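Reading through the structure tokens given below for one structure.
The values are calculated or read from the model by the stated rules, or taken from the named source; none is laboratory data. Nothing here was measured: the structure is a model prediction, and the numbers come from that model. With ideal geometry, Cβ positions are generated from the backbone for all residues, glycine too; neighbour counts draw on all protein chains shown. For the accessible areas, the whole protein counts, side chains as well, though only heavy atoms, and no ligand, DNA or RNA atoms are used. Shrake-Rupley method; radii C 1.70, N 1.55, O 1.52, S 1.80 Å.
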Amino acid sequence: MPVFKDISSLRQWRQGLQGPLAFVPTMGNLHDGHMALVRLAAARAEHVLVSIYVNPLQFGPQEDFARYPRSLDKDLQQLHAAGCSTVFTPDDALMYPRGRKDLSIIMPARSLSKPLCGARRPGHFAGVCTVVNKLLQMVQPEILILGEKDYQQLRIVQQMVADMNMTVQVLPGPLQREADGLAYSSRNALLSPAERQIAPLLAATLVDLAQRSRSGAMIAELAQAGRDSLEQAGFVVDYLELRDSQTLQLLDHGLPGARWFAAAHLGQTRLIDNVMIPL
Ligand code: AMP
């Protein structure tokens, strides 16, 4: 399995390919959520490239960049076993050779990037869009695969692709969960055993809200009740909101296809999740 660390060998490989390439960008510490994206990529395209890069541009100064779990050897073994054709592991010198202070950046659409995680993580989505744009320029895939776990990120990148007239097709991958409902996340590795026991309540709360908001219940009251039960269990809630799945605008009534979004801290670890009101 080729592992490219520089652009010229990546480009050389890319130019020799016959047939479509699907690209799965990741920050590593791979789990079954990532692997489902790799399987989706392999089902849709002849060639699959996974990138592993913890992008400093999308972490704020007070965030967990240094603490973010890294496990490159294990990741490569996992990808190899899954039949992934190729991996790209750039480093900071390759991604940001002039540093990050004076970089040309992509500004994401304001309506999509201001709410939810954007309100708590200023600059985060500009960092995401910039690195995804750079990776797309390097990799030149036909298909870009992104998970619905980071649903706001997915919508923002879809909009960037449309606004910039990029030809890549963005393919969403369904959110994958552990048996107890907790969404797979690289950050789950940072939870203490006690926090890991509590963590599935985030998903359970969203599933419950999605079911209850079908029946015309007051959304503000439901959100408050959900927040209270999470905080009683030990979460510190950043947001718990019902929004339109396309525009990400706040909703005050439950519509099939709309989504409940949550971000909450358990100790030092920030978890995010979202659940759609069934169609
Ligand atoms: P990350 O490594 O966290 O940057 O994630 C890389 C890609 O995997 C992103 O497109 C994520 O949305 C996706 N992803 C992460 N966790 C999951 C999950 N539990 N289910 C589906 N996709 C996921």
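Observations
- Comparison of GLU178, GLU221 shows that the only residue that is under 30 Å from ARG39 (Cα atoms) and open to solvent by 50 Å² or more (accessible area, probe 1.4 Å) is GLU178.
- Residue selected from segment 260-279 under the condition surrounded by fewer than 21 Cβ atoms within 10 Å (Cβ to Cβ) and not hydroxyl-bearing (Ser, Thr, Tyr), by the criterion farthest from PRO69 (Cα to Cα): LEU279
- Leading residue by the ranking (most open to solvent (accessible area, probe 1.4 Å)) among those in segment 119-140 that are farther than 30 Å from ASP238 by Cα and touching a Lys or Arg at 6+ places or on another chain (Cβ under 9 Å): GLN140
- Checked against (1) in contact with a Gly (Cβ under 9 Å, 6 or more places away or on another chain); (2) assigned to a helix (DSSP H, G or I); (3) without any contact (Cβ under 8 Å) to a residue 40 or more places away in the chain, LEU240 passes all but condition (2).
- Condition met for VAL54 (over 15 Å from VAL131 (Cβ atoms) and within 15 Å of the chain's Cα centre (by Cα)): no
- Evaluated against (1) part of a loop (DSSP other than H, G, I, E, B); (2) open to solvent by 40 Å² or more (accessible area, probe 1.4 Å); (3) out of contact with any Pro (no Cβ under 8 Å at 6 or more places or on another chain), SER245 falls short on exactly one condition, (2).
- Checking each residue in segment 136-159 for being in contact (Cβ under 8 Å) with a residue 24 or more places away in the chain, more than 14 Å from the ligand (Cβ to nearest atom) and under 15 Å from PRO25 (Cα atoms) picks out MET138, VAL139, GLN140, GLU142.
- For segment 160-175, a tally of residues being within 14 Å of the ligand (Cβ to nearest atom) and among the hydroxyl-bearing types (Ser, Thr, Tyr) returns 0.
- The residues listed here are GLY254, GLY267; of these, the one that is touching a Ser or Thr at 6+ places or on another chain (Cβ under 7 Å), at pLDDT below 95 and not acidic (Asp, Glu) is GLY254.
- Inter-residue pairs, beta-carbon under 6 Å, first within 27 Å of GLU142 (Cβ to Cβ) and in segment 171-197, second of a type in the set (Ser, Thr, Tyr) and open to solvent by 20 Å² or more (accessible area, probe 1.4 Å), 6+ apart: GLN176/TYR184
- Options GLY127, GLY118; residue that is in a helix (DSSP H, G or I), touching a helix residue (DSSP H, G or I) at 6+ places or on another chain (Cβ under 9 Å) and within 21 Å of GLN246 (Cα to Cα): GLY118
- Subset tally (residues that are in contact (Cβ under 8 Å) with a residue 40 or more places away in the chain and over 14 Å from GLN152 (Cα atoms)) for segment 106-121: 1
- Some residue of segment 181-202 being polar (S, T, N, Q), under 21 Å from HIS265 (Cα atoms), surrounded by fewer than 19 Cβ atoms within 10 Å (Cβ to Cβ) and more than 16 Å from the ligand (Cβ to nearest atom): yes
- Qualifying position, being hydroxyl-bearing (Ser, Thr, Tyr) and modelled with pLDDT under 95, among SER192, SER213, SER185: SER213
- The condition of being in contact with a helix residue (DSSP H, G or I) (Cβ under 8 Å, 6 or more places away or on another chain) and modelled with pLDDT of 95 or more holds for only one of VAL38, VAL54, that being VAL38.
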